[in-house]
Amino acid sequence: MKDLEQALELGVSQQKRFNASKPKVWLRNECVRVGLAETLCTYIMMVFGLGSVAQVVTGQGAFGEYLSINLGFGLGVAMGVHVGGKVSGAHMNAAVSFTMCTFGRLGWKMLPLYVFAQLLGSFLAAGTIYGVYYDAIHEFCGGNLSVTGEMATAGIFATYPAPYLSLMAGFLDQILGTALLLLCLMALSDQRNKPAAAGTEPIAVGLLVLLIGISMGRNSGYAINPTRDIAPRLFTAVAGWGMEVFRAGNGWWWVPLVAPPIGGVLGAGLYKVLVEMHHPHVSEPGEGLMEEFDEETAPLEKQKKICANTCTIPDLLLDNMLSMSIAKLTKPDP
């Protein structure tokens with residue numbers, strides 16, 4: 001009987017030890033977790049992106065050039081995906097969230113949460129960069145916070161069109177840029193095509209943003225993101241640049257707000273109609289492609305089973321110890 005009691009005590013202590021090693025979950029509400037993650041990853045992306053612009057503008061080319069701005073935003077996006085990718089998906093872009101809702105990959109009820117989180121993250125990032133570069137900005141412009149001209153600094157935070165660009169041309173520019181963004185994002189996540197290799201998704205998305213920047217940034221700075229543009233623009237309006245931020249460029253402010261969602265839906269829809277809808281099924285010609293896909297996903301399924309089994313380790317240990325103890329007690333003496 002003593003052996004049985006000792007076995008029970010040992011099993012209980014093992015159970016407590018395993019339970020104590022489990023990490024505590026402080027926030028169980030899914031909406032709160034998603035909102036915080038989306039806010040933080042957007043903030044990270046915008047701090048690096050806006051910081052790279054501020055360094056180029058205030059340094060007058062001595063501390064970077066246009067390419068460094070593209071690299072700043074591209075790498076900032078990659079870091080943002082690392083920060084919130086597994087929690088919120090790291091959209092960091094209202095056009096992405098809207099497109100995901102349109103194609104059923106995100107519930108419409110989650111859209112306001114995503115948009116609010118992105119606006120908050122972008123606004124806070126603008127405030128952070130303004131604080132960090134406050135002295136540099138005022139040294140550069142002589143204390144005159146202007147929106148246009150050689151000493152303009154509002155472009156550090158929001159996008160403005162080139163002098164030659166009309167509103168219609170800029171509207172089409174933003175539609176095309178966002179369409180390419182979402183088309184390529186759909187391809188990078190398509191598990192039945194050639195998706196980004198596991199673990200390389202952040203850098204792949206960052207390179208995509210870099211590619212759009214170095215090929216389509218001349219006209220208006222490739223905003224391709226409503227929340228990235230409007231939140232910092234609002235910040236500059238209250239931080240000293242005034243309402244001119246909404247009048248500049250013939251009232252440009254609404255273009256990066258309206259055009260990207262349209263472009264996002266068009267780009268994702270184009271990929272879906274021309275590629276995704278025509279993937280062969282297992283029973284059709286091209287079965288080898290599906291077999292290759294099954295082989296690629298097999299390790300993931302195996303990992304899921306392993307994770308499921310490890311969750312029962314304490315119970316298995318307790319059962320094994322009890323069984324051994326009972327067998328020892330009931331074993332006849334020689």
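Just a few scattered comments:
- Enumeration of residues in region 142-172 that are β-branched (Val, Ile, Thr) and under 23 Å from residue 132 (Cβ atoms): 147, 153, 156, 159
- Test for residue 75: is it closer than 19 Å to residue 204 by Cα, surrounded by fewer than 21 Cβ atoms within 10 Å (Cβ to Cβ) and at pLDDT 95 or above: yes
- Number of positions in region 90-104 that are free of Cβ contacts under 8 Å to residues at least 40 places away in the same chain and touching a Leu at 6+ places or on another chain (Cβ under 8 Å): 3
- Annotation note: Cβ proximity below 8 Å between a residue of region 261-285 that is over 13 Å from residue 190 (Cα atoms) and modelled with pLDDT of 95 or more and a residue that is outside any helix (DSSP H, G or I) and of a type outside the set (D, E, K, R) (sequence gap 6+ or interchain) occurs for 263/224; 269/103.
- Total residues in region 160-194 satisfying the condition of being outside any helix (DSSP H, G or I) and surrounded by fewer than 17 Cβ atoms within 10 Å (Cβ to Cβ): the figure is 10.
- In summary, residue 197 fulfils each of the numbered conditions (1) over 30 Å from residue 141 (Cα atoms); (2) surrounded by 21 or more Cβ atoms within 10 Å (Cβ to Cβ) with the single exception of condition (2).
- Exactly one residue out of 119, 75 is assigned by TED's automatic domain parsing to the domain that holds residue 212, within 24 Å of residue 258 (Cα to Cα) and hydrophobic (A, V, I, L, M, F, W, C): that is 119.
- In region 213-252, the residues that are more than 20 Å from residue 130 (Cα to Cα), among the aromatic types (Phe, Trp, Tyr) and under 24 Å from the mean Cα position of the chain (by Cα): 222
- Criterion applied to 173, 190 was being acidic (Asp, Glu), out of contact with any Ser or Thr (no Cβ under 8 Å at 6 or more places or on another chain) and modelled with pLDDT of 95 or more, and the one residue passing it is 190.
The values are calculated or read from the model by the stated rules, or taken from the named source; none is laboratory data. What you see is a predicted model; the values in this text were computed from it and never measured. Counting neighbours? That spans all protein chains shown, and the Cβs are built from the backbone with ideal geometry, glycine included.
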